[in-house]
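Only one structure is covered here, and it is reproduced in the block below.
The values are calculated or read from the model by the stated rules, or taken from the named source; none is laboratory data. Just so it is clear, the structure is predicted and the values come from calculations on it, not from any experiment. Cβ coordinates were reconstructed from backbone atoms using ideal geometry, including for glycine residues, and neighbour counts include every protein chain displayed. When the accessible area is computed, the model is the full protein with side chains, heavy atoms only, and any ligands, DNA or RNA have been set aside. Shrake-Rupley method; radii C 1.70, N 1.55, O 1.52, S 1.80 Å.
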Number of protein chains: 2
Amino acid sequence: MTELTTVPKPTPTFPPVQTRAAATIAECRLLATMTEEPGRITRRYLTPPIAEVHKHLRTRMESLGMTVTVDVAGNLRGLWQPHPERLEKHLVIGSHIDTVPDAGAFDGVLGVVLALELVADAQVRTLPLAIEVIAFSEEEGVRFGVPFLGSRAVAGRFDHSLLELRDTDGVSLAQSIRDFGLNPGAIHEAQISEDAATFLEIHIEQGPVLDSERLPLAVVTAVAGQTRCEVTFTGQANHAGTTPMHLRRDALVAAAEWVVAVEKIATSPSQASASDQGLVATVGKLIIEPNAGNVVAGLVRATLDVRSAHDSARLEAVEQLLERAHIIATKRGLACEVRYKMDQPAVSMDEELTALLADSVEAAGFTARRMPSGAGHDAMVMATRVPTAMLFLRSPGGISHHPDEAVIEDDVAAALKAAGLFLQRMAAKLAIQSQSHQ
Amino acid sequence: MTELTTVPKPTPTFPPVQTRAAATIAECRLLATMTEEPGRITRRYLTPPIAEVHKHLRTRMESLGMTVTVDVAGNLRGLWQPHPERLEKHLVIGSHIDTVPDAGAFDGVLGVVLALELVADAQVRTLPLAIEVIAFSEEEGVRFGVPFLGSRAVAGRFDHSLLELRDTDGVSLAQSIRDFGLNPGAIHEAQISEDAATFLEIHIEQGPVLDSERLPLAVVTAVAGQTRCEVTFTGQANHAGTTPMHLRRDALVAAAEWVVAVEKIATSPSQASASDQGLVATVGKLIIEPNAGNVVAGLVRATLDVRSAHDSARLEAVEQLLERAHIIATKRGLACEVRYKMDQPAVSMDEELTALLADSVEAAGFTARRMPSGAGHDAMVMATRVPTAMLFLRSPGGISHHPDEAVIEDDVAAALKAAGLFLQRMAAKLAIQSQSHQ
């Protein structure tokens, strides 16, 4: 007969990663209830639900022992310092908490909630690592028509003229900052400290690549550069019944021929290598005049959106596409006019940091798929200030900016594992750097 | 030295044809000032400017000794009878006096003013010919969305359910007829008399064919049949930055590929003979969703308008075009849906009467270009009731339904000459028929 012995009391254990992944998703779903429009997720810059999210996240940050502030651009920032008595290099992790109208529950917010999970993780592992978590309050550009206002301020890329922007109600950006209880004149104070060593953003892919390849994670190599222009074909509007085919100067057929050519050129063998680097060319919008079933179209304005992680590939494609537009127009006796709307170079992620992130993904047991991001992110702005890396999570069905936007729990767990290992590696690296400087 | 003799007094002479052509154009310009919208020519069915035109034309008809009435459909009708004491077969000549919004000064009205010139001409030549001139008050279908209301009533093709149509102000067709002082219940009384032997319409071409061939006149062989349908391509809306080319189901590229194919099929060698008969195929309108520069289009609704004087050519072309739409959609993993909106057979002009008109054009010294009309006209409706012929005048630049719509004075003179000869031939023919019946 064995004697009853004292069973050791269970110490409060850190939950397993799968449980934390489920909690992360639940937290995102909870934050999604903080919205301007009941029944839809809409949370624009400096609106009341942004303050509500701040309040909720502040409680969480404080429970983690972080020092919490709202900077003058309205970004919520929490700093975890294992050794608050001494100044030291720290990691910055973050993403945005604003949304597009009728959004999903994960675009941006997921990266903020995961950042706090990583702080908790670092604390449990007693990593000698200071971490600043930033919840950028503006990324989508919905309220004032200009995106990345939060990260622009943090990266020191905020042009003061932006304060004059007005929302659809006529409220200026400066006024909206004042209304939020902040001082727009001190916007430079939002700039990140010199102690910020690196920036990491975790975000959903918002595209179908990982889903189509059945992979949970990707390491972002660059944010694609982008050219946007408007191509106008001007022919002659004519009666669809009385104008023989050979006497037409049909702007819609010309535009259509070009739309087909855009797809063909963007997918041609000569663009094959560029395609691996994510060259995409899109005509998404046509304005047709008069756009009537019984009138041959006289004028068509077509948008062109070309993106690539490689600026040379993008610029070559744009040149070729616009040349083709002119050739088609000339052949058909039409006029063709091009107006440039945007020409933004690609932004590469930091090579060393990206390699470290890829290494962490593989160490966690996953494929380190490298891919460019076709959409803009805060990481693109932060990369102009500090070495930056970015981790993508699979978007099921490639769906984003839509209520059906989702994440898979296993993928969130994978991101937690990989990013946790990344933090360990960063801690080791910063410790070595710190020693070598002492 | 010669004696001064009495110079014969000049008798009031009939002006030369060129003067009458100039007067015809001036008369059309005057009628163009009678409009619903100052500064623009807009004259819809049974609006006050229609009554103003009636008043003006009534005076002219009465000065020609015609018996003038407004029928229950609101058409102004003047009857010239050289021998009012006896019933006899008569010619009907006419066109419409309503206009599209912001119209030109000649579409329709020219044919009415010329008809009155022809009555004057017949009187001067003392042709033994009774002539009824009809100014149809509705042809364009602007006010009630259904065209040819005037000629439908005259031809006995007016369906009583049409009286329930409502304009954009909610006024029913029946009410608008009552408001004009007429009795909609008696619409059958507008039917043309059994004595009407033939119908002639003179109209501007409203297309570029005669202008491109430098010809003043054409004899219409048929009014083209017409198929209208809507083809919907449904793919998947996606982010233009994050969706690689090979993972797209772009509804706009599919529609564009089809628009190009529509032009190609309509101008292919296999359609060459049909093309001589005026086969035209037009995609004039696209509804694109979401129609945003940075979103791959998810859905496109395209109109298709196919016309030909030969029904078999039209139906074959439509079949081929819709088959192509399905092939393109299937190849791209899209859905394709077709909805038929209209399927109207071609209407041939009377062969004998058309030959007589062509003969008159040539006798007047001009080329008798034969061509189908791609647009609908009152002649199309009248042809279902009486032998009908139609004469086209060149439209400079092919421009119509536009304030720049014009006619050339020499062409109007040519039409007067040719139609005058046509009346002489008709008078001779009717006299022979009349004798043979006596």
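Table for the structure above
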quantity	calculated
Hey, B:Phe148 of a type outside the set (Gly, Ala, Ser), under 22 Å from the mean Cα position of the chain (by Cα) and at positive phi or not	yes
Segment A:225-237 - residue that is of a type outside the set (Gly, Ala, Ser) and open to solvent by less than 20 Å² (accessible area, probe 1.4 Å) and, of those, nearest to the other protein chains (Cβ to nearest Cβ)	A:Gln226
Residue within segment B:170-188 that is within 14 Å of chain A (Cβ to nearest Cβ) and part of a helix (DSSP H, G or I) present	no
So B:Leu210, is it under 20 Å from B:Val283 (Cα atoms) and within 11 Å of another protein chain (Cβ to nearest Cβ)	no
Within segment A:299-309, tally of residues that are open to solvent by less than 20 Å² (accessible area, probe 1.4 Å), within 15 Å of A:Ala251 (Cβ to Cβ) and touching a Ser or Thr at 6+ places or on another chain (Cβ under 6 Å)	0
Which numbered condition B:Ala415 misses (of (1) in a loop (DSSP other than H, G, I, E, B); (2) under 12 Å from B:Phe106 (Cβ atoms); (3) under 17 Å from the mean Cα position of the chain (by Cα))	(1)
Count of segment A:116-145 residues which are outside any loop (DSSP other than H, G, I, E, B) and farther than 30 Å from A:Asp169 by Cα	13
Count of segment A:310-341 residues which are surrounded by 14 or more Cβ atoms within 10 Å (Cβ to Cβ) and away from chain B (no Cβ under 11 Å)	20
Test: residue in segment B:98-115 that is of a type in the set (D, E, K, R), surrounded by fewer than 21 Cβ atoms within 10 Å (Cβ to Cβ), touching a Pro at 6+ places or on another chain (Cβ under 9 Å) and in contact (Cβ under 8 Å) with a residue 24 or more places away in the chain	yes
Close pairs (9 angstrom Cβ cut-off, 6 or more residues apart or separate chains): in contact (Cβ under 8 Å) with a residue 12 or more places away in the chain in segment B:368-396, assigned to a loop (DSSP other than H, G, I, E, B) and basic (Lys, Arg) anywhere	B:Val381/B:Arg157; B:Thr384/B:Arg157; B:Arg385/B:Arg157; B:Arg394/B:Arg214
Some residue of segment A:416-425 being more than 20 Å from A:Ala21 (Cα to Cα) and surrounded by fewer than 20 Cβ atoms within 10 Å (Cβ to Cβ)	yes
The listed residue being basic (Lys, Arg) and under 14 Å from A:Ile187 (Cβ atoms), out of A:Arg125, A:Arg152	A:Arg152
Sole residue being closer than 30 Å to A:Leu110 by Cα and facing chain B (nearest Cβ under 8 Å), chosen from A:Asp305, A:Asp250	A:Asp305
Subset of segment A:213-223 that is open to solvent by 10 Å² or more (accessible area, probe 1.4 Å) and touching a helix residue (DSSP H, G or I) at 6+ places or on another chain (Cβ under 9 Å) - its residue that is farthest from the other protein chains (Cβ to nearest Cβ)	A:Pro216
All positions within segment A:189-207 that are more than 18 Å from A:Leu416 (Cα to Cα) and within 11 Å of chain B (Cβ to nearest Cβ)	A:Gln206, A:Gly207
Considering residues of segment B:131-142 that are in contact with a Lys or Arg (Cβ under 9 Å, 6 or more places away or on another chain) and at pLDDT 95 or above only, the residue farthest from B:Glu36 (Cα to Cα)	B:Glu132
Any hit, segment A:272-295, residues being more than 11 Å from every other protein chain (Cβ to nearest Cβ), open to solvent by 10 Å² or more (accessible area, probe 1.4 Å) and closer than 30 Å to A:Ala364 by Cα	yes
Segment B:342-385, residues that are on the phi > 0 side of the Ramachandran plot and crowded, with 16+ Cβ neighbours inside 10 Å	none
Within segment B:368-393, considering residues that are of a type outside the set (A, V, I, L, M) and within 12 Å of another protein chain (Cβ to nearest Cβ), the one farthest from the chain's Cα centre (by Cα)	B:Pro372
Test for B:Ala379: is it assigned to a helix (DSSP H, G or I), of a type in the set (Gly, Ala, Ser) and under 21 Å from B:Ala155 (Cβ atoms)	yes
